[in-house]
Amino acid sequence: MIYFIGAGPGAVDLITVRGAEILKKAGMIIYAGSLVNPELLNYADKEHCEIYNSASMTLDEVIDKLISGHERGLVTVRLHTGDPSLYGAIREQIDILRAKNIEFKVIPGVSSFFAAAAAVQAEYTLPDVSQTVIISRMEGRTPVPERESIRNLASHKSSMVLFLSSGMLKELSGELIAGGYDESTPAALVYKASWPDEKIIRTNLKNLASDAEAAGINKTALVLVGEFLNDKEHNDYKLSKLYDAKFSHGFRQAKE
Ligand code: SAH
């Protein structure tokens, strides 16, 4: 069986139990070496497991290896960072396997955007502040459809998480402000969330690029933007209905 597994954001104990159990049985692992923590490979029986770093491989080479593992009856793992459904390039692999009638399974992972929220101890969905998280990226070599430009998305002033954009922070904050966020809107840059060398910069849109530059961060980071990052004094969120004493729901009667 071939498994696409989400490795989690970095910390070796933030892979799922299911993912780790499969790694223990793996006969072949192809891991995305640019971002997957190599210490995760210690779950595998390294003496009997073939291990490849996909950083220097093409799609065809990856597929050839997956198929070779499959044909030899090995538990074959494609290990992607975070959760494979976000910027993971799994679809192109899946479609080739489907065309060849080769079975596979996808095991989810903890995305870095969850690890980043944990790092800053924030909740993206605060009542009366925002009930929506927009996940996107600046256009790079991979184009972004015009209707999804940062400027357009910013007009919602929801909570936002930007992947793959920490090398373009000046342009990013310019687009966010042009789209509708005030330049004083809080922003956080989380570098290597959950890794031992994690760094957090709390700032606002105006100072995002200069603060990141001063800290020397231009890759492996997420940008979080929105009022949800404000501290209690500057945050007019409402308490949740779920735990409101006056509110009944399927599991609890109101106290009055
Ligand atoms: N599938 C992954 C994302 C892969 S795209 C996930 O779910 O997290 C790679 C981008 O993800 C990086 O450029 C960076 O923006 C972000 N990223 C991945 N791991 C990260 C981490 N531990 N901390 C901060 N950003 C991270």
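The values are calculated or read from the model by the stated rules, or taken from the named source; none is laboratory data. No experiment lies behind these values; they were computed from the predicted model shown. Cβ atoms come from the backbone with ideal geometry, glycine included; neighbour counts cover every protein chain shown.
Going by the conditions given, is Val133 touching a residue at least 12 places away in the same chain (Cβ under 8 Å), over 30 Å from Met1 (Cα atoms) and assigned by TED's automatic domain parsing to the domain that holds Phe228? In short, yes. Among the residues of segment 24-49, those that are more than 16 Å from the ligand (Cβ to nearest atom) and within 25 Å of Asp95 (Cβ to Cβ) comprise Ala26, Gly27, Met28, Ile29. With respect to Thr203, determine if the residue is among the β-branched types (Val, Ile, Thr) and either farther than 22 Å from Ala119 by Cα or free of Cβ contacts under 8 Å to residues at least 24 places away in the same chain (or both). For Thr203, the condition - among the β-branched types (Val, Ile, Thr) and either farther than 22 Å from Ala119 by Cα or free of Cβ contacts under 8 Å to residues at least 24 places away in the same chain (or both) - is met.
Within segment 186-222, the set of residues being more than 14 Å from the ligand (Cβ to nearest atom), under 22 Å from the mean Cα position of the chain (by Cα) and over 16 Å from Ser165 (Cβ atoms) comprises Pro186, Arg202, Asn204, Gly216. Assess whether Lys170 counts as being buried (at least 17 other Cβ atoms within 10 Å of the Cβ) and either hydrophobic (A, V, I, L, M, F, W, C) or away from the ligand (no atom under 16 Å from the Cβ) (or both). When the stated conditions are applied, Lys170 does not pass them. Scanning segment 75-88 finds one or more residues that are in contact (Cβ under 8 Å) with a residue 60 or more places away in the chain, at negative phi, out of contact with any Leu (no Cβ under 7 Å at 6 or more places or on another chain) and away from the ligand (no atom under 15 Å from the Cβ). Can you confirm whether segment 182-192 contains a residue that is basic (Lys, Arg) and surrounded by fewer than 21 Cβ atoms within 10 Å (Cβ to Cβ)? No, that holds for no residue.
Filter segment 164-195 down to the residues that are out of contact with any helix residue (DSSP H, G or I) (no Cβ under 6 Å at 6 or more places or on another chain) and among the aliphatic types (A, V, I, L, M), then identify the one that is nearest to Ile150 (Cα to Cα).
Leu172
Quick one: would you say Pro127 is in contact (Cβ under 8 Å) with a residue 40 or more places away in the chain, of a type outside the set (Ser, Thr, Tyr), more than 13 Å from the ligand (Cβ to nearest atom) and in a loop (DSSP other than H, G, I, E, B)? For Pro127, the condition - in contact (Cβ under 8 Å) with a residue 40 or more places away in the chain, of a type outside the set (Ser, Thr, Tyr), more than 13 Å from the ligand (Cβ to nearest atom) and in a loop (DSSP other than H, G, I, E, B) - is met. The set of residues from segment 199-224 being outside any helix (DSSP H, G or I) and out of contact with any Phe, Trp or Tyr (no Cβ under 7 Å at 6 or more places or on another chain) comprises Ile200, Ile201, Arg202, Thr203, Asn204, Lys206, Asn207, Gly216, Asn218, Lys219, Val223, Leu224. How many residues does segment 1-35 hold that are surrounded by fewer than 24 Cβ atoms within 10 Å (Cβ to Cβ), assigned to a loop (DSSP other than H, G, I, E, B) and β-branched (Val, Ile, Thr)? The total comes to 1.
Scanning segment 102-124 for residues that are in contact with an Asp or Glu (Cβ under 8 Å, 6 or more places away or on another chain), within 10 Å of the ligand (Cβ to nearest atom) and closer than 23 Å to Leu172 by Cβ yields Ser111, Ala119. When Leu40 is tested against (1) buried (at least 22 other Cβ atoms within 10 Å of the Cβ); (2) in contact with a Ser or Thr (Cβ under 6 Å, 6 or more places away or on another chain), only condition (2) is not met.
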